[in-house]
Amino acid sequence: MKRLPFVNMKIAFVGKGGSGKTTLSSLFIRHLAAAGAPVVAIDADINQHLGPALGLDEAEAAALPAMGDRLRLIKNHLRGSNPRIASAETMIKTTPPGEGSRLVRVREPNAIYDACARPVELDGGAVRLMVTGPFTDADLGVACYHSKTGAVELFLNHLVDGPDEYVVVDMTAGSDSFASGMFTRFDMTFLVAEPTRKGVSVYRQYKEYARDFDVTLKVVGNKVQAQDDVDFLRKEVGDDLLVTVGHSDWVRAMEKGRPPRFGLLEETNAAALHRLKSAADATYALRDWEHYTRQMAHFHLRNAESWGNERTGADLAAQIDPGFVLGEGVATPA
Ligand SMILES: Nc1ncnc2c1ncn2[C@@H]1O[C@H](COP(=O)(O)OP(=O)(O)OP(=O)(O)O)[C@@H](O)[C@H]1O
Ligand SMILES: [Mg+2]
């Protein structure tokens, strides 16, 4: 397996509705920002709440540009001069990069950030925030050409993240992300689970999908109140339980619109965030760009056959560039 000597992380927070995905994503993003790390934060959750959780007021959150409304721009930027992708119309959410494609980086300025990202000031520095925009019924279908998470998947598939850079995605554990391959795009997936049967059942489902795809999955127990809660999670998910988080008065104060300094977050919760970062960073040794690129092709072929070829009238398998491997060394045409 190819090992690359740097830490660069794509991290997803998934879990049942209301489990605390957005809350924990936002705390983790604040933790990274406080450590001075460059961060792209992406809200791909059905309920778009990451902006407010990062301290934006209602008007600021409402003014965030939706990636879902800018799919054509995103596709045209990414396909660049790739001769295998004739037009934005034939580019579906799984269309992989190849020779001539434009790759994206966490720190650079680019047309996608210009159109879709907004800076959010946090204690310790600014992060880039992008949001998919509100979901419709059509976005939740398996075979959706215009799906909002498709914008995120395209972004991730063209991303070469460098040393100590982070992309954090607040995401729903829906069928859309399983069918498209989105769930395989992360170095680390944190599954947020309350200590309840429902919380754990989402974990089981995710684990089942993830089994054949080398997805690194860790459970973050949330709203854990007592030892009995910890014991329950331990019994149900075993060693996949990474850490547990209790009720946070800091979070409650933030939700009242009175965010304290991040440095005042409860010590136990700050320690939990530290654990998350260490666990994510530790996966760097597993990064394998060839495998990652092959997975893109796998899901692209699956989507091409099941709906993409018919929808676009093109042979989408021909979009796969057999000699191309995504990675740090790949040059992007201007
Ligand atoms: N550790 C915590 N301490 C205090 N409040 C919490 C904690 N975790 C979550 N909450 C609260 O629980 C509610 C649901 O959390 P959150 O919105 O983060 O969940 P979610 O999984 O993103 O939900 P949705 O599926 O609706 O997007 C919020 O009001 C949040 O503030
Ligand atoms: Mg949420």
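The values are calculated or read from the model by the stated rules, or taken from the named source; none is laboratory data. These figures come from a predicted structure and were not determined experimentally. Please note: Cβ atoms are built from the backbone with ideal geometry, for glycine as well, and neighbour counts cover all protein chains shown. Just the protein is used for accessible areas: all its heavy atoms, side chains included, with ligands, DNA and RNA removed. Shrake-Rupley method; radii C 1.70, N 1.55, O 1.52, S 1.80 Å.
Before moving on, here are some points about what is shown:
- Sorted from greatest to least, the principal axis extents spanned by the alpha carbons of the range 1-116 come out as 42, 39, 29 Å.
- Between helix 197-210 and the chain: long-axis angle, C-alpha atoms, 0 to 90°, nearest 10: 30 degrees
- Folded to 0 to 90 degrees: helix 289-303 orientation relative to the chain principal axis, Cα: 70 degrees
- Convex hull projection area averaged over all views, the chain, Cα basis, nm²: 15.7 nm²
- Ordered from highest to lowest accessible area with the whole protein assembly present and a 1.4 Å probe, Leu64, Leu326 read as Leu64, Leu326.
- Ellipticity estimate at 222 nm from DSSP helix runs (n ≥ 4, -39,500 (n - 2.57)) divided over the chain, nearest 500: -10000 deg cm²/dmol
- Extending 7 Å from Cα along the Cβ direction at Glu305 and again at His291 yields two label points whose distance is 2.3 nm.
- Exceeding the 25 Å Cα-Cα cut-off - candidates Lys75/Lys277; Lys223/Lys277; Lys75/Lys218; Lys75/Lys207; Lys93/Lys223; Lys10/Lys218: Lys75/Lys277; Lys75/Lys218; Lys75/Lys207; Lys93/Lys223
- Estimated at the nearest 10 Å², the accessible area of Thr268 is 110 Å² with a 1.4 Å probe.
- Charge sum, other residues only, whose C-beta stays under 11 Å from Ala41's C-beta, Lys/Arg counted +1 and Asp/Glu -1: +1
- Principal-axis tilt of helix 148-157 within the chain, Cα atoms, nearest 10 degrees: 80 degrees
- Spin-label pair Ser278-Ala115: with each label point 7 Å from Cα along the Cα-Cβ axis, the two points sit 4.2 nm from one another.
- Base-10 log of normalised Debye intensity for the range 197-334 (one unit scatterer per alpha-carbon) at q = 0.13 Å⁻¹: -0.85
- Beta bridges per DSSP with both ends in the chain, % antiparallel, nearest 5: 15 percent
- Value of relative contact order over the chain, rounded to a whole percent, pairs C-alpha under 8 Å and six or more apart: 28 percent
- Point-charge dipole on Cβ atoms (K/R +1, D/E -1) for the range 251-303, about Cα centre, debye to 20: 240 debye
- When the solvent-accessible area of the chain is split by element, carbon and sulfur atoms take up 51 percent of it, the probe being 1.4 Å.
- Solvent-accessible surface of the chain, taken per residue with a 1.4 Å probe and all protein chains present: 42 Å².
- The range 75-206, relative contact order in percent, only Cα pairs under 8 angstrom and at least six apart counted: 23 percent
- Legend: P(r) of the range 135-286 from all alpha carbon pair distances, 5 Å bins from 0, whole percents, reading 2, 8, 16, 17, 19, 17, 15, 7, 1, 0.
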